[in-house]
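Scroll down for the structure; my scribbles are underneath it.
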Amino acid sequence: MAKVFFTKDLEKLDRLIDKSELMKAIGKGDEVALKIHFGEPGNKAFVKPQYARIVADKVKRAKGRPFLTDSNVLYHGQRDYTVKHLMVAHNHGFTVEATGAPVIIADGIHSRDYVKVEIDKKHFKEVYIGSAGYYADSMIAITHFKGHEVTGFGGAIKNIGMGLGSRAGKQQMHADVKPEVNEKKCTNCNVCVDNCPVNAISPSKDAIHRVSINLDKCIGCAECIVMCRFDAIAIQWSEATDLIQEKIAEYALGAAKNKADKIAYINFLTDISPNCDCYPFNDKPIAPNIGILASFDAVAIDQASYDLVNKVEGRIDGPDKFRTLYPTVDSTIQLKHAEEIGLGSREYELVSL
């Protein structure tokens, strides 16, 4: 049974790292990837630089050499290409001066710097992992735990799976996601038209009809869903959500494959927003700040995070806040599949400081 360490006090991250012995993952001279999300401009819920600094300092004391990393996103935005992505990180405070660690974009200048990792699982025989993440000697995933419209919640599994997949890998994971337009909500603002990376969305021809999506051209990147402020575009669910969760879990397995006992996880249950940090805005948190968790097991830490969020009273009611938010999404699919393929265990012991 995996141990998951927990503190309610955000000021005790330093002690949490010591208690959980996370630095056992770090060897002398290791290049250490600190996998983090730098936040889309306009989003304020991402894990803040001061916490990255605490982790980086711990790594240095363990004689490791830390760097902050994430891979470029598939959709149009401020993090879709490396130079823009680096500027976002800098503008959000992830500077060497603030964090004590440089930023390296995992999949390179044109998102083509990746490693094909053999996993031989249900959906993929091989996955495409950003080189900086793969070739790092060890890794610590620093994750903001939150809701997500496609996967129910986003935690450590999604952070290293989707987060370290190259843009080609992200396309593979999103391939089953197809959007549809709610004509009653569409305002013809054409933001989705302007942001579609493959020009699959056509503007309205008149005041009566709405935008239309060519599903043969659509690559499933979900950019239109993220950018629509009127909830006029949604996913044609069918089995898409189950499939993408399983695919993300398999990518997470690939990201962790060459790390063995050289990877650890920290989940922040703070500013628990209903949507991903890729959104350029935030809605109200679905639950109050709960604390921070640490573990060597990605599945256990996500299961514990999921359980803790569902135990507290919050803005969202029901025994499963994520299912209340997204009734058609069973967010436990990612946990089940991740356990089945050997990424970790859903059984855990919660150790409180």
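Given H placed 1.01 Å from N in the peptide plane, which residues other than close sequence neighbours of Asp283 have an amide H under 5 Å from its amide H?
Sorted by chain and number, the residues that satisfy this are Asn275.
Sort Leu164, Leu10, Leu350 so that the residue with the fewest other Cβ atoms within 10 Å of its own Cβ comes first and the one with the most comes last.
Details: Leu164 31, Leu10 17, Leu350 14.
With the fewest neighbours first, Leu164, Leu10, Leu350 line up as Leu350, Leu10, Leu164.
When a/c is below 1.5 the answer is rounded, else prolate if a/b is larger than b/c, else oblate, so apply that to the range 1-47 with a ≥ b ≥ c taken from the square roots of the Cα gyration tensor eigenvalues.
Working: a/c = 2.33, a/b = 1.30, b/c = 1.78.
It is oblate, given that a/c is not under 1.5 and a/b is not larger than b/c.
Match the structure shown to one of the listed values (i) 217; (ii) 142; (iii) 122 of volume of the Cα convex hull per residue in Å³, computed from it, and give that label.
Answer by label: (iii).
Going through the cross-link list Lys178/Lys336; Lys121/Lys170; Lys63/Lys262, which pairs have a Cα-Cα distance over 20 Å in this structure? Walk me through the intermediate numbers first.
Numbers: Lys178/Lys336 24 Å; Lys121/Lys170 17 Å; Lys63/Lys262 14 Å.
Beyond 20 Å between Cα atoms: Lys178/Lys336.
Can you tell me the orientation of helix 298-311 relative to the chain, as the angle in degrees between its alpha-carbon axis and the longest Cα principal axis, to the nearest 10?
70 degrees
Once both axes come from the Cα atoms, what is the angle between helix 82-91 and the longest principal axis of the chain, in degrees from 0 to 90, rounded to 10?
70 degrees
Going by a ≥ b ≥ c, the root eigenvalues of the Cα gyration tensor, does the range 297-353 fall in the rounded group (a/c under 1.5), the prolate group (a/b larger than b/c) or the oblate group?
Cα axes put the range 297-353 in the oblate bin.
Please sort 114-127, 266-279, 179-192 by packing, taking for each peptide the average over its residues of neighbouring beta carbons within 10 angstrom, highest first.
266-279, 114-127, 179-192
Sort Ser352, Ser305, Ser111 so that the residue with the fewest other Cβ atoms within 10 Å of its own Cβ comes first and the one with the most comes last. Before the final figure, lay out the partial values.
Values: Ser352 10, Ser305 28, Ser111 23.
Arranged by neighbour count, lowest to highest, Ser352, Ser305, Ser111 become Ser352, Ser111, Ser305.
Could you go through the range 336-344 in sequence order and give the Karplus-derived ³J(HN,Hα) for each residue, using 6.51 cos²θ - 1.76 cosθ + 1.60 with θ = phi - 60°, rounded to whole Hz, and x for Gly and Pro?
With coefficients 6.51, -1.76 and 1.60, one gets 4, 5, 4, 5, 4, 8, x, 6, x Hz.
Residue-wise, which Karplus ³J(HN,Hα) couplings in Hz belong to the range 17-23, taking 6.51 cos²θ - 1.76 cosθ + 1.60, θ = phi - 60°, and x for glycine or proline?
4, 5, 5, 7, 6, 4, 6
When you count, for each residue, the other Cβ atoms within 10 Å and take the mean per peptide, how do 92-98, 153-159, 167-173 rank with the highest first?
Values: 92-98: 16.1, 153-159: 29.7, 167-173: 21.7.
My ranking of the peptides, most packed first, is 153-159, 167-173, 92-98.
If contacts are Cα pairs under 8 angstrom and at least 6 residues apart, what is the relative contact order of the chain in percent? Working shown, then result.
Working: 849 pairs, mean separation 84.8, N = 353.
Normalised by residue count, the contact order of the chain is 24 percent.
Could you run the Karplus curve 6.51 cos²θ - 1.76 cosθ + 1.60 with θ = phi - 60° over the range 152-159 and give me ³J(HN,Hα) per residue in whole Hz, x for Gly and Pro?
x, 9, x, x, 5, 4, 5, 4
To the nearest 20 debye, what charge dipole does the range 241-353 have about its Cα centre, counting +1 at the Cβ of each Lys and Arg and -1 at the Cβ of each Asp and Glu?
On the way: 11 positive and 18 negative charges, 45 e Å.
Here the size comes out at about 220 debye.
Could you work out the helix-only [θ] at 222 nm for the chain, with each DSSP H run of four or more residues adding -39,500 (n - 2.57) and the total divided by the number of residues, to the nearest 500 deg cm²/dmol? Walk me through the numbers before you get to the answer.
Details: 13 runs with 111 residues, N = 353.
Taking each H run of at least 4 residues, the total per residue is -8500 deg cm²/dmol.
Checking the cross-link filter: which lysines have an alpha carbon closer than 30 Å to that of Lys184, excluding same-chain neighbours under 8 positions apart?
Reachable lysines: Lys146, Lys205, Lys217, Lys284, Lys321.
Search the structure for amide H atoms under 5 Å from the amide H of Glu126, placed 1.01 Å from N in the peptide plane, and list their residues when 5 or more places away or on another chain.
Ile119, Asp120
Just the number, please: percent antiparallel of the DSSP beta bridges in the chain, rounded to the nearest 5. Walk me through the numbers on the way to the answer.
Working: 23 of 46 bridges.
For the chain, the DSSP antiparallel bridge percentage is about 50.
For the range 55-193, give the share of DSSP beta bridges that are antiparallel, in percent and rounded to the nearest 5; count only bridges with both residues there. It would help to have the intermediate numbers written out before the result.
Working: 9 of 12 bridges.
In the range 55-193, approximately 75 percent of DSSP beta bridges are antiparallel ones.
Report the Cα centroid-to-centroid distance between the range 114-172 and the range 3-38 in angstrom, as an integer.
Centre-to-centre distance over Cα atoms comes out at 20 Å.
State the answer as a single residue: which of Ile263, Pro66, Ala249 lies farthest towards the positive end of the charge dipole of the chain, with beta carbon charges of +1 for Lys and Arg and -1 for Asp and Glu, about the Cα centre.
Pro66
Taking the Cα centroid of the range 42-105 and of the range 186-207, what is the distance between the two, rounded to the nearest whole Å?
If we compute the Cα centre of each part, the gap is 33 Å.
Laboratory data are not the source of any read-out in this text; all were calculated from the coordinates shown. All values reported here derive from a predicted model rather than from experimental measurement. Because the Cβ atoms are built from the backbone with ideal geometry, glycine has one as well, and the counts that use them run over all protein chains shown.
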